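**Q** What follows is a single structure, and I will ask about it in a moment.
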Amino acid sequence: MIVKVMKRHVWEQAKAQGEIHEESLLTEGFIHCSFLEQATKTAEKHFAGETDLVLLKIDPDLVQAEIKYERASNGKEYPHVYGPINIDAVTAVIPFVKNENGEFVLPMEWKAN
């Protein structure tokens, strides 16, 4: 499983288009994704001030574009999708919310999978 943190309105647009596109696809050649255990850090780094986020669960076997697992500047490996992400590869979507301490919280039911 890979995951994608995104603003809810961007997800709604992607659903209507049938694919997830991001500016990074044009500027860097790929869409940034994470492994589940990286999602909270990703959200803190790139979406700290946002309140209306969703977390997408993506089945990499269903993604039509090429996925490469590449090392980032922090030394950790991340999944990069080299093309749009087809919506039918998204197997679940949940609100990605903060707890009472202001920290993003992973869904317990996803941790078991």
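The values are calculated or read from the model by the stated rules, or taken from the named source; none is laboratory data. This is a predicted model, so every value here is computed, not measured. Cβ sites come from the backbone with ideal geometry, for glycine too, and all protein chains shown count toward neighbours.
**Q** For the structure I just gave you, tell me whether Lys15 is touching a residue at least 12 places away in the same chain (Cβ under 8 Å), among the basic types (Lys, Arg) and in a strand (DSSP E or B).
**A** Against the criterion (touching a residue at least 12 places away in the same chain (Cβ under 8 Å), among the basic types (Lys, Arg) and in a strand (DSSP E or B)), Lys15 does not qualify.
**Q** Among the residues of region 66-84, are any hydrophobic (A, V, I, L, M, F, W, C), closer than 18 Å to Trp110 by Cβ and in contact (Cβ under 8 Å) with a residue 60 or more places away in the chain?
**A** no
**Q** Which members of region 96-113 meet the condition of being in a loop (DSSP other than H, G, I, E, B) and either over 15 Å from the mean Cα position of the chain (by Cα) or charged (D, E, K, R) (or both)?
**A** Asn99, Glu100, Asn101, Gly102, Glu103, Ala112, Asn113 - these are the residues of region 96-113 that are in a loop (DSSP other than H, G, I, E, B) and either over 15 Å from the mean Cα position of the chain (by Cα) or charged (D, E, K, R) (or both).
**Q** Could I ask something else about it? Output the number of residues of region 28-67 satisfying the condition of being farther than 20 Å from Glu77 by Cα and outside any loop (DSSP other than H, G, I, E, B).
**A** The total comes to 2.
**Q** Within region 79-95, is there a residue that is assigned to a loop (DSSP other than H, G, I, E, B), out of contact with any Gly (no Cβ under 6 Å at 6 or more places or on another chain) and among the polar types (S, T, N, Q)?
**A** no
Residues checked against (1) within 20 Å of Gly102 (Cβ to Cβ); (2) modelled with pLDDT under 95; (3) crowded, with 16+ Cβ neighbours inside 10 Å:
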| site | (1), (2), (3) |
| --- | --- |
| Glu22 | no, yes, yes |
| Asp59 | no, no, no |
| Ala72 | no, yes, no |
| Lys76 | no, yes, no |
